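Below: the structure, in C-alpha cells.
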Amino acid sequence: MTTLPAEVDCQLALLGGVDGLVRRLPSGESLASASLVHHALSEPLRLKIAHALAIQPLCVCVIRDIVGIADSKLSYHLNQLKKADLIVGEQQGSWIIYRLTPRGEQCMAMGYPPLE
C-alpha cells in the first residue's frame, strides 16, 4: 500500500482503518434512497413543483399552469417526485390533489437545495 499523508493515516487509524471507515458509511439502501431524492430535485421544473407544494396542496391543473408544460410531460415529472417519496396524489372526487409527503416537507424545510 502507498504511504498515506500523516493526517489521513492518523485519523484513519482512529476509525479502525478502512474497514472501520466503511462501517460508518450509510447503507446501500440509504444511499439509493438519497440518490432518488437528489435525482428528483435536480430538475428545476420538479424543484419548482416541490416548492409550490410546500406552500399548499394543488391539483394538476394549477401545477400545469405554474410550470407551463403539457400533461404528458407533467405526469412524468410528478411520477419522478412520487418515486422519490416527495409527493403523494390523493383522489378527491374527480380531482387528484398533490401534496408533499413528510419526506418532501423535510426536504423543503431544510431548504434543499439551498436557494439564493
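No value in this document is a laboratory result; all are computed from the given coordinates. Everything numeric here is computed off the predicted structure, so don't read it as measured data. For neighbour counting, all protein chains shown are included, and Cβ atoms are generated from backbone atoms with ideal geometry for every residue, glycine included.
Residue separation of Ser27 and Leu45 scaled by 0.36 nm, minus their Cα-Cα distance, works out to 3.5 nm of gained length.
Within a straight-line Cα-Cα reach of under 16 Å, Lys48 can be paired with the following lysines, leaving aside sequence neighbours fewer than 8 residues apart in one chain: Lys73, Lys82. Considering only Gly104, Gly68, Leu31, the residue lying farthest towards the positive end of the dipole of the chain is Gly68, judged by Cα position with unit charges set on Cβ. Under the simplified labelling scheme, the Ile96-Met110 pair shows an inter-label distance of 2.7 nm, with each label point 7 Å from Cα along Cα→Cβ.
Its residue count N fixes a reference of 2.2 N^0.38 Å for region 1-109, and the Cα radius of gyration divided by that reference is 1.56. Among Leu86, Leu12, Leu100, the largest mean-square fluctuation in a Gaussian network model of the chain (Cα springs under 10 Å) belongs to Leu12.
Our helix-only sum for the chain, with -39,500 (n - 2.57) per DSSP H run of n ≥ 4 divided by its residues, gives a mean residue ellipticity at 222 nm of -18500 deg cm²/dmol.
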